[in-house]
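The structure under discussion appears below in the form of structure tokens.
Taken together, the values in this text are just the output of simple stated rules run on the coordinates, not laboratory data. Only a predicted model underlies this, so the values are computations on that prediction, with no experimental measurement involved. Don't worry about glycine lacking a Cβ; one is built from the backbone with ideal geometry, like all the others, and counts go over all protein chains shown.
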Amino acid sequence: MEKTFLMLKPDAVQRGLIGEIIARFERKGFKLVGLKMLKLDREMAEVHYQEHKGKPFFESTIKYITSSPVVAMVWEGQNVIALARQMLGTTNPAEACPGSIRGSYAIDIGRNVIHGSDSLESAEREIKLYFREDEILSYYKTGEEWLS
Ligand code: IDP
Ligand code: MG
């Protein structure tokens with residue numbers, strides 16, 4: 001089953017949005033298979049955002065993401081990578097659909113509350129970056145037979 005990496009950013013943690021955002025993915029029908037809270041150091045943040053090195057927003061993004069704890073998660077489900085990105089909304093909350101997570105909870109591109117892998121390749125890379133294999137669980141979740 002497909003897996004994606006999602007991370008609640010420091011503003012989501014500080015603003016008390018952890019539960020509300022996790023609930024959206026639970027209600028959608030996805031399965032939480034990995035979860036940890038951590039504070040990123042600069043080195044980890046630079047690896048996470050390596051594709052953006054050299055861009056004008058790189059420094060501010062590193063500062064933002066290392067400023068306070070984050071919640072790192074692995075979610076599993078049919079087409080979860082693309083569907084979770086839809087649920088996140090566009091990168092800039094000012095343009096995000098009002099019902100999306102960024103559209104609902106954020107106003108500025110520099111404080112957009114959540115990260116989500118954008119492809120199978122980045123999901124695999126990001127899951128490996130944050131989780132050991134034995135930290136990702138495989139289990140039956142009640143009701144999953146009603147999802148497809
Ligand atoms: P994504 O998070 O929707 O995948 P990316 O383009 O991969 O968006 O950018 C990574 C992160 O860098 C964004 O989520 C946001 O926190 C930050 N970022 C991207 N573009 C800008 C910008 O123009 N100004 C400030 N921060 C930005
Ligand atoms: Mg991205």
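A few points about this structure:
- Unit charges at the beta carbon, dipole of the chain: most positive-side option, 50, 136, 1: 50
- Taking label points 7 Å from Cα along the Cα-to-Cβ direction, residue 53 and residue 79 give a separation of 3.6 nm.
- Each Lys or Arg adds one and each Asp or Glu subtracts one; over the other residues with Cβ under 13 Å from the Cβ of residue 2, this totals 0.
- Each stretch of four or more DSSP H residues adds -39500 (n - 2.57); spread over every residue of the chain, this sum gives -10000 deg cm²/dmol at 222 nm.
- Label point of residue 108 set 7 angstrom out along Cα-Cβ; within region 47-82, amide nitrogens under 18 Å from it belong to 56-69.
- Sparsely packed trypsin sites (Lys or Arg not before Pro) within region 35-114, loop by DSSP, other Cβ within 10 Å at most 16: 39, 53
- Cα gyration tensor, region 18-148 - rounded (a/c under 1.5), prolate or oblate: oblate
- Dipole magnitude for region 1-53: computed about the Cα centre from +1 point charges on Lys and Arg Cβ and -1 point charges on Asp and Glu Cβ, it is near 220 debye.
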